Amino acid sequence: MAERPDVDELTIEEYPSNDGIIIMATVNRPEKLNALNLAVKEAIKSLCTWAQDSEKVRVIVFRGASPLPPPEGKRQKPHAFVAGADVSEFVGKDSVGIRPEFEDNVWEAVWKLRKPTIALIDGYALGGGSELALSCDIRISTKRSMFGTPEINLGLIPGGGGTQRLTWLVGYGKAMEMIMGGEMVDGEEAYRIGMVNHIVEPDDLLTKGMEIANNLASKSPLTIQIAKQSVRTALDNPISDGILLEHNMFVDLFDTKDKEIGVGAFMERGKPEWTGE
Ligand code: COA
């Protein structure tokens, strides 16, 4: 059984929900706009392994720590979800140095979680930060957030799946413009182009996030993972193959206890008590 990570750079809180828990993982480097350094990336990867293995975990929510009060005479740092991979770790590195980090990377670890994931975005979500959000299933943003893929300005391209997942989400034309141009879009524009599911005021972000997380946590923990897997087949397969895969998953669910529980509860106008089996 994997261990729950315990590092200062990633705060992990547990919120009870139904008979399970919702995990709130907060990237905690506000002085560096929550940029993903090696410690954070390793901690998120461990969290993913632990959360997938732990039976009680129903939903995993990611967010960035709020800025700290500034020292006297200094300006406050801006709000950030995650302002990217930590660029200071790129200095002087060649392909041999960087490859291991990108072969088994944090964005794939989040993407491959079979449990539902949510990103709560307030502030900058740039580069590897926008890719962390893109690896989640649902994105909720404040209007004041800023999204972008500025890697082009570093002589790079997105390396955490951004060219693929952004294209899926917002379409070829907008992804091309964002990735080649490196310009940011605000929360309202991100919502308009389909990059985020909801936009809210900063004070409402946690409430909205927990409302959605609690709803997901109220579903059968088994069935929701199959639902996620089935939607994902749409990305990897032509539609005729995807429909066949969905059909098989749907049929297999008829052998689960939770199908009998869910259908039975509907028939009796009761509340389903899921077993996850
Ligand atoms: N990696 C490492 N450090 C980062 C960072 C990143 N991706 N993003 C921000 N920081 C650090 C800054 O170096 C600065 O550190 P310092 O105070 O010790 O000098 C601190 O966070 C605050 O950032 P700063 O640039 O001073 O804030 P700003 O309000 O002037 O600008 C941004 C905010 C987001 C526009 C700017 O920080 C930025 O462009 N960040 C890099 C974005 C990027 O290229 N991300 C893609 C990486 S894959």
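How large is the accessible surface of residue 203 in square angstrom, using a 1.4 angstrom probe and rounding to the nearest 10?
For residue 203, solvent-accessible area is about 140 Å².
Compute the convex hull volume of the Cα atoms of the chain, divide it by the residue count, and report the result per residue in Å³ as a whole number. All intermediate terms of the calculation are to be shown ahead of the outcome.
Working: hull volume 43.2 nm³, N = 277.
Normalising the Cα hull of the chain by residue number yields 156 Å³.
For segment 221-267, what is the convex hull (Cα atoms) projected area averaged across all directions, in square nanometres? Please list the in-between numbers first.
Working: hull surface 13.6 nm².
The directionally averaged projection comes out at 3.4 nm².
Taking the inverse of the average 1/r across all pairs of different Cα atoms in segment 58-113, what Kirkwood radius in Å do you get?
Values: mean 1/r = 0.0684 Å⁻¹.
Result for segment 58-113, one decimal place: 14.6 Å.
³J(HN,Hα) across segment 11-24 via Karplus (A = 6.51, B = -1.76, C = 1.60, θ = phi - 60°), whole Hz, x for Gly/Pro?
Values, residue by residue: 8, 10, 10, 10, 10, x, 8, 6, 9, x, 9, 9, 9, 10 Hz.
Using only protein heavy atoms and a 1.4 Å probe, report how much of residue 169 is accessible, in Å² to the nearest 10.
Taking all protein chains as shown, residue 169 has close to 60 Å².
Label-point separation (nm) for residue 218 and residue 103, each offset 7 Å from Cα along Cα-to-Cβ?
4.6 nm
Can you give me the three principal axis dimensions of segment 1-60 from its C-alpha atoms, in Å, biggest first?
Here the spans come out as 37, 21, 14 Å, largest first.
Leaving ligands, DNA and RNA out of it, report the carbon-plus-sulfur percent of the accessible area of segment 161-225 at a 1.4 Å probe.
Of the solvent-accessible surface of segment 161-225, carbon and sulfur hold 53 percent.
Within straight cross-link reach of residue 228, meaning Cα distance under 29 Å, which lysines are found once same-chain residues fewer than 8 apart are removed?
Result set, ordered by chain and number: 41, 45, 56, 112, 115, 143, 174, 208, 219, 257, 259, 271.
Hey, what do the phi angles of segment 207-213 turn into as Karplus ³J(HN,Hα) couplings, whole Hz, using 6.51/-1.76/1.60 and θ = phi - 60°, x for Gly and Pro?
4, 5, x, 6, 4, 5, 4
Using only alpha carbon positions, build the gyration tensor of segment 25-68, then give the equivalent ellipsoid semi-axes as the square roots of 5 times its eigenvalues, largest first, whole angstrom.
Working: eigenvalues 102, 30, 5 Å².
Square roots of five times the eigenvalues give 23, 12, 5 Å.
Out of the total accessible area of segment 1-152 (probe 1.4 Å, heavy atoms of protein only), what percent is carbon and sulfur? Working shown, then result.
On the way: 3370 of 6690 Å².
Roughly 50 percent of what the probe reaches on segment 1-152 is carbon or sulfur.
Can you give me the solvent accessible area of residue 10 with a 1.4 Å probe, rounded to the nearest 10 Å²?
Only protein atoms counted, so the area is about 10 Å².
Among 110, 69, 272, whose Cα lies farthest out toward the positive end of the dipole of the chain, if unit charges sit on the beta carbon of Lys, Arg (+1) and Asp, Glu (-1)?
69
Of 171, 119, 210, whose Cα points farthest to the positive end of the dipole of segment 104-246 (charges on the beta-carbon: +1 Lys, Arg; -1 Asp, Glu; origin at the Cα centre)?
Going by the charge dipole, the pick is 210.
For a quick size check, give me the Cα extents of segment 1-121 along its three principal axes, largest first, whole Å.
48, 41, 21
The values are calculated or read from the model by the stated rules, or taken from the named source; none is laboratory data. Quick caveat, the model's predicted, so the values are computed rather than measured. We place every Cβ from the backbone using ideal geometry, glycine too, and count neighbours over all the protein chains shown. Please note that ligands, DNA and RNA were not included when accessible areas were found on the heavy atoms of the full protein model with its side chains. Shrake-Rupley method; radii C 1.70, N 1.55, O 1.52, S 1.80 Å.
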